[in-house]
Amino acid sequence: MVLPEKGHLLRIFVGESDKYEGMPLYEWIVKKARESCLAGATVLRGIEGFGAHSRLHTAKILRLSEDLPVVIEIVDVLEKIENFIPLIDEAIDEGLATIEKVDIRFYRSGKKEAD
């Protein structure tokens with residue numbers, strides 16, 4: 001797949017314990033991104049954070065470490081990201097999604113094509 005030099009980053013913030021259709025929400029979102037043929041997705045687990053309720057979630061306190069922040073990052077062209085958002089909107093009860101412009105330097109699969 002070839003991506004243009006100018007792309008967009010969809011960043012979704014949810015809780016680690018959030019679920020949808022019986023699976024962790026972040027896993028469900030990555031699955032949907034793959035089914036939608038987006039360029040790629042990465043899930044990052046935070047060690048501390050807070051959201052709309054201002055409740056601190058931290059790995060330092062065992063009780064609060066069960067719902068750490070999770071960030072899903074997806075890079076592709078704006079049109080594909082804009083088409084993807086309605087697919088996941090209903091699944092996210094609480095969270096935040098942002099879109100920002102990014103400069104794409106390279107996107108490689110690691111496989112060399114035969115001449």
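The numbers here are math on the coordinates, done by the rules we state, and not lab data. It should be emphasised that the depicted structure is a prediction, and the values quoted were computed from it without experimental measurement. Neighbour counts run over all protein chains shown; Cβ positions are idealised from the backbone, glycine included.
Per-residue ellipticity at 222 nm from helix content only, as computed over the chain with -39500 (n - 2.57) for each DSSP H run of at least four residues, stands at -6000 deg cm²/dmol. Going down the list Lys31/Lys80; Lys32/Lys80; Lys6/Lys80; Lys6/Lys111, which pairs span over 20 Å between their C-alpha atoms? The pairs that break the limit, which is 20 Å between Cα atoms, are Lys6/Lys111.
Computed extension gain for Asp103 through Glu5, at 0.36 nm per residue and net of the alpha carbon distance, reaches 34.7 nm.
Each peptide in 93-102, 25-34, 77-86 receives the mean, over its residues, of other Cβ atoms within 10 Å, and ordering these scores from highest gives 25-34, 77-86, 93-102. Taking packing as the residue-averaged number of other Cβ atoms within 10 angstrom, the listed peptides 47-56, 9-18 run from highest to lowest as 9-18, 47-56.
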